[in-house]
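First comes the structure, then the notes that go with it.
Computed from the coordinates by the stated procedures, all read-outs in this text should not be read as laboratory data. Keep in mind the model is a prediction, meaning the values are calculated, not measured. Glycine also receives a Cβ, built like all others from the backbone with ideal geometry; neighbour counts cover every protein chain displayed.
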């Protein structure tokens with residue numbers, strides 16, 4: 001084989017004998033490799049897929065930790081997203097972005113902010129009774145310890161809205177997961193879910209879970225409005241539509257800022273590139289579409305870092321305008337960990 005390579009590089013004609021020798025050597029190579037003791041020693045069992053269960057970075061004077069609550073794959077994005085368009089349009093967009101056409105992996109990402117004075121948990125994930133059932137979801141309780149936290153050390157639990165994958169982790173074994181915390185949710189949102197006999201179908205089940213989950217900690221709840229400051233540096237932003245009182249949160253760590261937008265997007269491509277496409281989980285679909293455009297435009301214009309609950313883990317990124325009316329998700333690489 002070496003002779004053949006040298007002759008080719010030197011533009012020297014090859015004899016039939018050279019070619020036959022090279023062919024024989026090539027044919028023997030797998031056998032020789034298989035008999036090599038070093039090759040045999042190098043083999044190891046497959047270990048299976050693995051992704052980190054938390055991600056941490058500095059945000060000015062704050063420290064931010066995002067935590068995995070599920071890694072489940074689900075059918076979609078159509079018809080979860082884009083039912084007011086067409087399946088063909090959604091699958092075409094997936095193909096153009098090198099994504100599977102019939103499956104996707106939404107993030108489920110509770111987040112903890114350490115302000116230096118308080119530990120603040122944003123959303124509690126699926127818990128025991130959320131959208132994604134254990135063992136495929138509801139991981140927050142077990143992931144707190146490896147992330148460096150104790151449930152009893154959480155000072156404030158902020159809920160973006162009342163859906164089961166955001167409030168399902170309030171209780172663990174029938175008791176508050178964070179027993180020493182105070183709780184915050186939008187007043188409009190709470191009033192929507194706390195009522196009995198006002199819902200049907202899935203919403204009836206979700207409202208029942210909300211009432212069950214908040215009952216043991218009801219006396220510790222604070223009900224807020226858009227524009228209210230929860231604690232220094234954390235302010236509620238109106239982002240209604242997905243649910244009647246859904247709120248996002250602007251987090252100001254001093255020298256750096258980030259937006260926790262909750263469920264303003266459910267797919268990192270479909271929700272952003274086509275914000276007019278409806279999401280099946282949006283209660284007021286037209287208002288939710290308008291909210292997406294407003295929030296995406298704010299994030300893009302202000303070049304604001306974002307934590308999106310359903311974005312691919314670690315669920316951190318940026319938004320850029322794309323085309324006449326769409327946007328694109330730019331996953332975080334090292335912008336927030338650059339210490340220069």
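Exposure proxy shown here: for 325, 315, the number of other Cβ atoms within 10 Å sets the order, fewest to most, as 325, 315. Using the Cβ-Cβ distance between residue 97 and residue 191 with R0 set to 51 Å, the FRET efficiency from 1/(1 + (r/R0)^6) comes to roughly 0.85.
For the chain, the longest principal axis of the alpha carbon atoms and the long axis of helix 87-96 meet at an angle near 50°. Rounded to the nearest angstrom and listed largest first, the equivalent-ellipsoid semi-axes of region 221-340 from its Cα gyration tensor are 21, 20, 11. Of all DSSP bridge pairs formed entirely within region 54-331, close to 75 percent run antiparallel. If one computes the Cα centroid of region 240-294 and of region 153-214, what distance in Å separates the two points? Each part reduced to its Cα centre gives a spacing of 19 Å.
By the count of other C-beta atoms within 10 Å, a proxy for reagent exposure, 120, 194, 167 are ordered fewest to most as 194, 120, 167. Overall dimensions of region 31-158, expressed as equivalent-ellipsoid semi-axes from the Cα gyration tensor (√(5λ), whole Å, largest first), are 34, 28, 15. For the chain, the longest principal axis of the C-alpha atoms and the axis of helix 201-214 are separated by about 70°.
Here the contact order of region 59-117, divided by its residue count and restricted to Cα pairs under 8 Å and six or more residues apart, works out to 57 percent. Note on region 233-285: percent of Cα-Cα distances in each 5 Å bin, starting at 0 and stopping at the bin with the largest distance, equals 5, 20, 23, 22, 16, 10, 4, 1. Which log10 I(q)/I(0) values does region 156-297 give at q = 0.14 Å⁻¹ under the Debye formula, counting every alpha carbon as one identical point scatterer? Values, matching the q order: -0.68. The C-alpha atoms of the chain define a longest principal axis, and helix 16-35 lies at about 50 degrees to it. Cβ crowding within 10 Å ranks 203, 144 as 203, 144, fewest other Cβ atoms first. Applying D = kT/(6 pi eta Rh) to the chain, where Rh is the Kirkwood radius over alpha-carbon pairs, T corresponds to 20 °C and eta to 1.002 mPa s, the Stokes-Einstein value obtained is 96 µm²/s.
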